[in-house]
Amino acid sequence: MALVLSRSAFKRLCLLPLLLVFLIIFFYHQIANIYRNVEYQGNMTVVQMAFDLFKRQPVDICRNVVLLNVGDPKGVELNSYPQSICADLGFQIEENNCVVYVIKTQKNEWSLEDTVERIGCRVYSLLLASDSTEVTPRNRSNYVHFHSLGEQESIGKFIQKQSTNATLIDYMMIRLGRGGNEWRILSDLMESHQLDRVKHLSVGINLCPDRSSFTESHFQYVLDTDRQLVDKWDMKLFDVANDQETFVYNPVVKEKTHCASQFAWINQRFREEGGSSTKRKPSQGENEKRKRREISSSFGSRNVSGNGLHIHQHNGIISK
């Protein structure tokens, strides 16, 4: 039996594709104009420098940049970002002898944890929640240890409680989605002197319009934290992956800019040259601690020593 459409039904059917096209265009402009209602009062130079972070090129410091993968040539992707590692001497992630930290806000995202578990790494998965009591800490497996922390809790202090200063962290990923707190976490890791033990640091950076963060002090805080990673902690940016979906018009700087990306750093102190490990350079934080010990010792405190940190080769990885 042939289907017969009335003239009015036929017209409505023809209008449906036009309606879909209209909706697509409408939502596209809503996303593209995401910044347009943002008003900014402050030092434009500081703002421009903050968004210029997304334009910079990685330092040509790593000879072998590879994807983190286990039998998958495409590697691991999180929110469309490939997870890259430096495979130069001193930075390799050794199977069954590695430690990974994942700091996140998405409780149902386990891609990275599942991957490094197959490598044989011990994984600490830290979920930052507004109410950490709502999530029960548990072990996902013998390798993956899950913990829930409050958004304002110190990641650095948590790491200190979990291991001694001799424990290295082969890979640390910070992925917080909406953005803002990743800079506080980085600052906290620096203040607690935990970056000394991190070989790879992968961070999802987000300056997309969170109205509360559009202040000159926030942008300056971003720049200061980023600068300290290099100047005080010898972290070298070796990979950048901008989120193309966030390339939108930004009235603050009067041009299209990216506002989200993934930055990947390596701790240059762990680099090995010529197949033998080099002694790790002390960080500024370690130098300050050493000075305090020396001052204390000069006043007759014989129990305080200026023991330095040394690197030696052990089972194919660097340890302190």
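The values are calculated or read from the model by the stated rules, or taken from the named source; none is laboratory data. Computed from a prediction, not measured in an experiment: that's the story for all the values here. Cβ sites come from the backbone with ideal geometry, for glycine too, and all protein chains shown count toward neighbours. Side chains are part of the model used for accessible areas, which takes the heavy atoms of the whole protein and leaves out ligands, DNA and RNA. Shrake-Rupley method; radii C 1.70, N 1.55, O 1.52, S 1.80 Å.
Summary table
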quantity	calculated
Positions within segment 234-245 being in contact with a Phe, Trp or Tyr (Cβ under 9 Å, 6 or more places away or on another chain) and open to solvent by less than 40 Å² (accessible area, probe 1.4 Å), in sequence order	Met235, Leu237, Phe238, Asp239, Val240, Ala241, Asp243
Yes/no for Val230 being open to solvent by less than 10 Å² (accessible area, probe 1.4 Å), modelled with pLDDT under 95 and in a helix (DSSP H, G or I)	no
Filter result for the condition that a residue is in a loop (DSSP other than H, G, I, E, B), modelled with pLDDT under 50 and crowded, with 19+ Cβ neighbours inside 10 Å, over Arg280, Arg302	Arg280
Residue selected from segment 99-156 under the condition in a helix (DSSP H, G or I) and farther than 19 Å from Ile169 by Cα, by the criterion modelled with the highest pLDDT	Glu134
Some residue of segment 40-63 being in contact with a Cys (Cβ under 7 Å, 6 or more places away or on another chain) and either at pLDDT 65 or above or open to solvent by less than 70 Å² (accessible area, probe 1.4 Å) (or both)	yes
Search result, residues across segment 176-199 that are modelled with pLDDT under 90 and open to solvent by 30 Å² or more (accessible area, probe 1.4 Å)	Gly177, Arg178, Asn181
Unmet requirement for Tyr249, which otherwise passes all of (1) more than 24 Å from Val66 (Cα to Cα); (2) in a loop (DSSP other than H, G, I, E, B)	(2)
